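One structure is given below, encoded as structure tokens.
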Amino acid sequence: MFNNSYRPERRKVARHISRTSLICAFLAAAFLAGSCSKGYSRFMKLPPDPAVASELGWAVVTSAYARAKAEPGSASPDGEIVRRGTIFRCGERKIDPAGRDLGGLWYRMGGQTRDAWLHESDISIFTSEEQAREAVTSLP
């Protein structure tokens, strides 16, 4: 009297649901395993390390008048004024005592008889003197 023809269909649906839930569980586990990291950005741009690079390169003053400092740091006493378009070899690079985010990087002008440090916001760095000279021609 009872028609049991629907039972094979129910088994197919149950198998389909179990496969779907198995696939979802596998994908969730793969996602969780892949998202476990230290949280470091792979695209963080760091300045080149002088220990790795043979030299720091050449700098061009891009500010109209940049105030050089006697020591690297914003609290250091003011030194000479350097004009836009001045090209110099970077002698040394130091991080401001206030930190990289607050103070930034300072570059010592190479070839100077006394120390003159310029902030990274006042200069552009190039790998060769030729690139620096080409950059000077495009300054306003």
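Bear in mind that the values in this text are calculations on the coordinates, not laboratory data. These numbers were taken from a predicted model, which means no experiment stands behind them. In this analysis, Cβ positions are derived from the backbone assuming ideal geometry, glycine residues included, and neighbour counts consider all displayed protein chains.
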Point to revise | Modelled FRET efficiency - R0 22 Å, Lys94 with Ser121, Cβ distances, 0.05 increments | key: 0.90
Point to revise | Modelled FRET efficiency - R0 30 Å, Glu134 with Ala75, Cβ distances, 0.05 increments | key: 0.30
Revision key, fill the gap. Of the candidates Trp106, Ser74, Gly85, the farthest towards the positive dipole end of region 58-137 (Lys/Arg Cβ +1, Asp/Glu Cβ -1, centred on the Cα centre) is Gly85
Point to revise | Cβ-placed point charges (K, R +1; D, E -1), dipole of region 58-137 about Cα centre in debye, nearest 20 | key: 100 debye
